[in-house]
Amino acid sequence: MKSLLVRFFLFSLVIAACSIAVTAWLASQATTGTIRQEQGEALETDAQIFDEVVKYAATHDSWANAQSEMDRIARQHGRRIALVDRNGKKLVDTGDANSPQLPITPKAIVDPLNVDGKIDARAVGPFKLTDEEFRTLHAYARQLTACNPNIKIVDAPNGRPRLSNDQPGSLSVWEDCTVGDRLYTLTATETAAYEQLQKLFADCLAKLPGNEHVMNKRPGFVTFDWEITTVRDSSPEVGACMDSARRTQLEPYVAGPAHLYLTSTTGEEPRSIDLSTTGVTRITLVALGILALAGFASWITATQLVRPIRALTAATKRTAEGDRTARVDGGAGEIGELAKSFNAMSEKLAETERQRQAMVSDVAHELRTPLGNITGWLEATQDGLAEPDPHLVGMLLEESLLLQRLVDDLHDLAQADAGTLKLHPEPIALDDVVDQVVNAQQNREILLRAATTPVNITADPVRLRQALGNLVANAVRYTPPGGEIVVRLFQDQSNAVLEVADTGTGIAPDDLPHVFDRFWRADRSRSRTTGGSGLGLAITRHLVEAHGGTVSVTSTLGEGSTFRVELPL
Ligand code: ADP
């Protein structure tokens with residue numbers, strides 16, 4: 001979790017997941033809601049149209065004059081209504097010549113004698129009261145309500161007024177208001193219709209097998225739902241007889257069954273759903289909420305991220321201004337790594353700075369002595385205290401040669417530092433180089449000898465002579481008279497090995513790590529007598545490394561030292 005990358009990745013993932021989830025949820029909510037609403041509205045409209053069409057069929061004996069009424073219904077609901085009979089003959093169509101073809105399947109079948117298996121109550125047929133009977137019964141109804149104000153009167157579909165809460169067999173609710181008896185007496189029209197129904201019913205029962213229906217052949221209670229109720233409960237067959245009797249009786253009075261087609265006036269079906277304004281407020285609120293959440297989380301993450309970066313910037317500024325002590329604690333993760341790198345760089349800078357200062361002071365120190373000597377001698381000569389004889393000139397020459405060597409060494413080192421030290425490699429016999437160096441450094445007081453095997457190598461002979469010369473010169477310098485120096489050359493695996501072993505003063509173990517440092521000497525005061533600048537080993541190491549080799553030293557104080565150079569073949 002410390003990694004910036006991981007944190008950012010997880011954070012983006014969470015935000016994306018939240019957004020997707022909420023968007024999906026809102027979209028599904030809005031869509032289902034709208035679809036449900038639209039569907040509900042459409043269904044309701046169509047149900048209303050169906051009901052009105054059924055009503056027309058129940059109260060008219062044919063579709064012949066239905067056009068104007070259907071036009072009215074169609075206009076009211078903004079739909080196109082078409083009715084087609086069983087043979088496919090178009091009975092009614094509220095569409096015009098431009099209207100598209102009707103769909104293949106009708107919306108419903110309009111049959112007042114079979115609406116979900118039941119006879120529509122508005123199909124009253126021969127039960128319809130005459131105007132005379134209608135007036136008489138309503139007069140009774142008014143008297144009854146005048147007698148008992150609690151009584152509520154409603155009209156049945158055939159025009160008969162009746163109590164809103166009447167139940168078959170419980171009609172004596174009026175007690176003192178005897179006019180109720182007259183209201184609930186069948187009219188001539190109703191009696192005739194019931195008799196007809198009774199006959200049709202009896203005919204049907206007679207056709208049923210067995211005698212178990214004989215009991216039911218007698219009429220039961222007459223209800224005002226235009227059927228004879230007591231038979232209903234007997235058996236399904238008897239109920240079916242009642243239904244068929246009623247259908248037979250009503251058939252001449254109702255319009256025949258027809259297929260009902262309902263389409264939009266333009267023929268486009270279904271209507272397209274417009275979601276553009278659905279739940280705009282809700283979506284906006286949720287979006288704002290997510291935005292706020294994402295903003296807050298981003299702010300927190302960004303602050304955490306920026307804090308170490310700010311610290312780094314401040315530290316970098318201080319470093320640029322020369323402060324080498326600036327350090328940053330960047331914690332873990334990528335920024336922590338950056339902080340560590342910065343700290344390392346800062347330390348390296350400080351180290352380089354120290355080395356540079358030490359170098360300048362060392363150089364000044366090294367130059368001061370020979371220059372002071374030269375100046376001293378020249379002043380003495382000028383003052384007439386010393387004669388410009390060959391001895392004096394020899395001494396001055398020696399000092400200026402010392403200066404010359406020092407400047408040459410410094411130049412080599414500067415070139416090595418800048419990476420501009422040029423090598424001119426060529427195939428050479430290393431044993432020749434060793435012989436040349438040993439011969440050049442021969443000394444009467446010390447036994448200096450070479451022990452070589454022939455080794456050929458590609459290298460810069462001048463630079464190798466310089467490197468080996470430094471080592472041999474040191475050995476001569478730090479080996480007392482009577483000592484011995486051996487320069488060995490042999491091949492070890494893929495390396496050419498040069499060893500300069502002396503029986504000199506040796507180097508203290510504490511000093512060993514420093515011998516290759518610039519201007520380092522085990523005994524600084526000895527430099528004048530021995531003539532060393534303290535740069536020789538540093539230059540040797542640079543030259544050997546420029547050839548891809550290594551140089552190392554082992555030494556025992558008081559017994560001698562061995563410098564070992566390994567060069568890749
Ligand atoms: P210098 O010019 O003083 O010899 P170098 O860089 O060549 O400078 O050597 C650094 C120091 O390492 C010397 O001052 C000396 O103290 C030590 N040193 C080098 N070679 C030997 C050696 N063969 N025996 C003992 N001390 C040595």
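The values are calculated or read from the model by the stated rules, or taken from the named source; none is laboratory data. Source: prediction; values computed, not measured. Neighbour counts are summed over all protein chains in view; Cβ atoms, including those assigned to glycine, are modelled from backbone coordinates with ideal geometry.
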Does at least one position in the stretch 438-447 carry a residue that is in the same structural domain as Thr550 (by TED's automatic domain parsing), among the basic types (Lys, Arg) and assigned to a helix (DSSP H, G or I)? no
Given the criteria without any contact (Cβ under 8 Å) to a residue 40 or more places away in the chain, more than 7 Å from the ligand (Cβ to nearest atom), outside the structural domain of Leu403 (by TED's automatic domain parsing) and at positive phi, does Gly560 qualify? no
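Got at least one residue in the stretch 524-534 being assigned to a loop (DSSP other than H, G, I, E, B), out of contact with any Gly (no Cβ under 8 Å at 6 or more places or on another chain) and without any contact (Cβ under 8 Å) to a residue 24 or more places away in the chain?
No, the stretch 524-534 contains no residue that is assigned to a loop (DSSP other than H, G, I, E, B), out of contact with any Gly (no Cβ under 8 Å at 6 or more places or on another chain) and without any contact (Cβ under 8 Å) to a residue 24 or more places away in the chain.
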Restricting the stretch 543-553 to residues that are surrounded by fewer than 20 Cβ atoms within 10 Å (Cβ to Cβ) and assigned to a helix (DSSP H, G or I), the residue that is farthest from the ligand (Cβ to nearest atom): Ala546
Identity of the residue in the stretch 318-344, assigned to a helix (DSSP H, G or I) and touching a helix residue (DSSP H, G or I) at 6+ places or on another chain (Cβ under 8 Å), that ends up nearest to Val306 (Cα to Cα): Ile335
Would a scan of the stretch 560-568 turn up a residue that is within 22 Å of Ala358 (Cβ to Cβ), modelled with pLDDT under 95 and either among the hydrophobic types (A, V, I, L, M, F, W, C) or buried (at least 17 other Cβ atoms within 10 Å of the Cβ) (or both)? no
What's the total number of residues in the stretch 443-462 that are more than 16 Å from the ligand (Cβ to nearest atom) and over 12 Å from Val487 (Cβ atoms)? 11
Please work out which one of (1) out of contact with any His (no Cβ under 6 Å at 6 or more places or on another chain); (2) surrounded by fewer than 16 Cβ atoms within 10 Å (Cβ to Cβ) is the condition Thr45 fails and give its number. (1)
Out of the stretch 481-521, which residues are more than 9 Å from the ligand (Cβ to nearest atom) and assigned to a loop (DSSP other than H, G, I, E, B)? Pro481, Gly482, Gly483, Gln493, Ser494, Thr503, Ala508, Pro509, Asp510
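Results for (1) assigned to a helix (DSSP H, G or I); (2) at pLDDT 80 or above; (3) closer than 30 Å to Leu338 by Cα; (4) of a type in the set (S, T, N, Q), shown as yes or no for each residue.
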| residue | (1), (2), (3), (4) |
| --- | --- |
| Leu5 | yes, no, yes, no |
| Glu38 | yes, no, no, no |
| Ile49 | yes, yes, no, no |
| Leu83 | no, yes, no, no |
Being closer than 23 Å to Val124 by Cα and assigned to a strand (DSSP E or B): is that true of Ile109 here? yes
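Considering only the stretch 230-240, I want to know if a residue exists there that is among the small types (Gly, Ala, Ser), surrounded by fewer than 12 Cβ atoms within 10 Å (Cβ to Cβ) and at pLDDT below 90. Explain how you work it out, then say what you get.
Going residue by residue through the stretch 230-240, those that are among the small types (Gly, Ala, Ser) are 234-235, 239-240.
With the extra rule that they be surrounded by fewer than 12 Cβ atoms within 10 Å (Cβ to Cβ), the set shrinks to none.
No, the stretch 230-240 has no match at all.
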Cβ contacts < 7 Å: first residue over 19 Å from Gly125 (Cβ atoms), restricted to the stretch 53-72; second residue surrounded by 17 or more Cβ atoms within 10 Å (Cβ to Cβ) and aromatic (Phe, Trp, Tyr), any location; separation 6+ or different chain. Result? Glu69/Tyr56
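Residues checked against (1) more than 24 Å from Val363 (Cα to Cα); (2) surrounded by fewer than 18 Cβ atoms within 10 Å (Cβ to Cβ); (3) over 60 Å from the mean Cα position of the chain (by Cα):
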| site | (1), (2), (3) |
| --- | --- |
| Asp408 | no, yes, yes |
| Ala414 | no, yes, no |
| Pro427 | yes, yes, yes |
| Asn443 | yes, yes, yes |
| Arg449 | yes, yes, yes |
| Thr452 | yes, no, yes |
| Asn456 | yes, yes, yes |
| Arg463 | no, no, yes |
| Leu489 | yes, no, yes |
